[in-house]
1. Give me the Kirkwood hydrodynamic radius of chain A in Å, from all C-alpha pairs, to one decimal place?
2. Percent of Cα-Cα pairs more than 20 Å apart in segment B:64-168, please.
3. What length, rounded to one decimal in nm, is gained on full extension from residue B:174 through to residue B:75, with 0.36 nm per residue of separation minus their alpha-carbon distance?
4. Which one, B:154, B:171, A:168, projects farthest toward the positive side of the charge dipole computed for the protein assembly as shown from Cβ point charges (K/R +1, D/E -1)?
5. In a solvent-free Debye calculation with one equal scatterer on each Cα, what is log10 I(q)/I(0) for segment A:114-199 at q = 0.12, 0.18, 0.19, 0.20 Å⁻¹, listed in the order of the q values?
6. Take the eigenvalues of the Cα gyration tensor for the protein assembly as shown, scale each by 5, and report the square roots as semi-axes in whole Å, largest first.
7. Collect residues whose amide H, placed 1.01 Å from N in the peptide plane, falls under 5 Å from the amide H of residue A:171; neighbours closer than 5 in sequence don't count.
8. Shielding by partners for B:166-178, please: the mean number of other protein chain Cβ atoms within 10 Å of each residue's Cβ.
Amino acid sequence: MAKLILHQVSIGTLQNINLEVAPGEIVCLSGPSGAGKSRLLRAVADLEPHGGTVKLGNLAQGLVPGHRWRRSVMMVPAESAWWFDTVGEHLYKPMPKALHALGFDEDVSEWSVSRLSSGEKQRLALIRALSREPDVLLLDEPTANLDEKTTRQVEDWLISVIHARNRPVLWVAHSREQIRRVAKRHFCIEGSKLLELQE
Amino acid sequence: MNAIALSWWQLALASCLVMALAACTFAAHLGVGKSLLIAALRTAIQLALIGLVLEALFAVGSLFWVALMGLAMLLLAGREVVARQKYRLRGGWSFAIGTLSMFISAFSVTVLTLVAVIGPEPWYQPQYAIPLLGMLLGNTMTGVALGLDRLTESARRSRNIIENRLMLGETWSEACGDFRREAMRAGLMPIINAMAAAGIVSLPGMMTGQILAGSPPALAVKYQILIMFTIAAGTGFGTFAAVALCSRRLFDRRERLRVDRLTTAGHDRFFT
């Protein structure tokens, strides 16, 4: 597995961001609302025009078509969208173990998306993304709509999956406790810069 | 043909009906009386002028003047397509896409119909070419405008869905496929409804006009069927082309959704 490299990336107010995330490593990003955390993830996923270079190992973002890059470097937004009628139609392959690990019944695939709560949508969005088998995960507040117990459940599951698959992960989080639990390295956005915080 | 000649005073008599309607709208405080009268006046002036232009064109009958008239009609139709969109592409792209789509569909269907079906001598005889092109452009314009309006509206309203699909590695075409199909259906529905209702619910305008002008109904019906078929083809292909081109323009080379390329009416410097 390759590492994720951001070199001199600029988007919005953020300027010349440099960052490397190793395979199997979770790096957390935090900062005040509107600081540009989500936009940085969008730049890495190539969803917005930006300056600088993003690479996965030796493969530069601009050298592959946009959809192939995003298939490989996948962002999971804070607010997920759903367009088919049932949950199962959104999954690219059956994910029985993941569904079970996050507390869903076997018949969840038959559920109508209109009956999903925001917390269920958030957990299912993670499973949907992993059903595409991405090489990198960009998680934008993946537990924002969850209670404490479910948050821990999702964290444990994500950590085990990320380590098992040996994938680099950028994780936007607000809670200091959560950052301490999931990541060894933590960066905070201050103004136009990304500062590494040492615990 | 043995049409009863209409004089201007007879038309003035008919205009009394519109004035009576305007009086009613005033009385009912609908606030559209002025617009109604202005629209009626515009109809009379515009049609009288086009009557003069057509008479001159029929007298000259050269390919150059027919083509020039066709070009003017096309550009005005392109302008109208833009005016009917709530959200339009910046920098004249909506105009260019609408005009090109109508050129591809309406002009090719008109030329094909003139050459292969009606067969006047010469093929560009203005008596056939101009009315046929006018009918096709008018209807294609409606289809293209409806299709583009639905597509751009969907792109703004459903940005989250399209971007979430892009995040999952879908191509731009997959991510907006549902909205593109919806836009194409919106553009095609008026002509499908018109064909389904023709002769049962309504007598189409061209056929009615021909019969009033003294044509045998059997001939008028044949022309109407021909017109309906050509309008369906023109509208369909025009809408397909416009929606395909516009949807591509909504994404950049990296297949990113670019709603920033849309602007609302009144903010487009190209047309203000």
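Every number here is computed from the coordinates shown, using simple stated rules; none is lab data. Just so it is clear, the structure is predicted and the values come from calculations on it, not from any experiment. A quick note on method: Cβ atoms are made from the backbone with ideal geometry, for glycine too, and the neighbour counts reach across all protein chains shown.
1. 17.2 Å
2. Values: 2579 of 5460 pairs.
Counting every Cα pair in segment B:64-168, those more than 20 Å apart make up 47 percent.
3. Numbers: separation 99, 0.36 × 99 = 35.64 nm, distance 3.25 nm.
Gain in length upon complete extension: 32.4 nm.
4. After comparing all options, I get A:168.
5. At q = 0.12, 0.18, 0.19, 0.20 Å⁻¹ the computed log10 ratios are -0.39, -0.85, -0.94, -1.02.
6. Working: eigenvalues 712, 104, 93 Å².
So the equivalent ellipsoid measures 60, 23, 22 Å along its semi-axes.
7. Correct list: A:27, A:28, A:29, A:139.
8. On the way: counts 8, 18, 14, 15, 4, 6, 3, 1, 1, 2, 0, 0, 2.
The shielding value for this peptide is 6.
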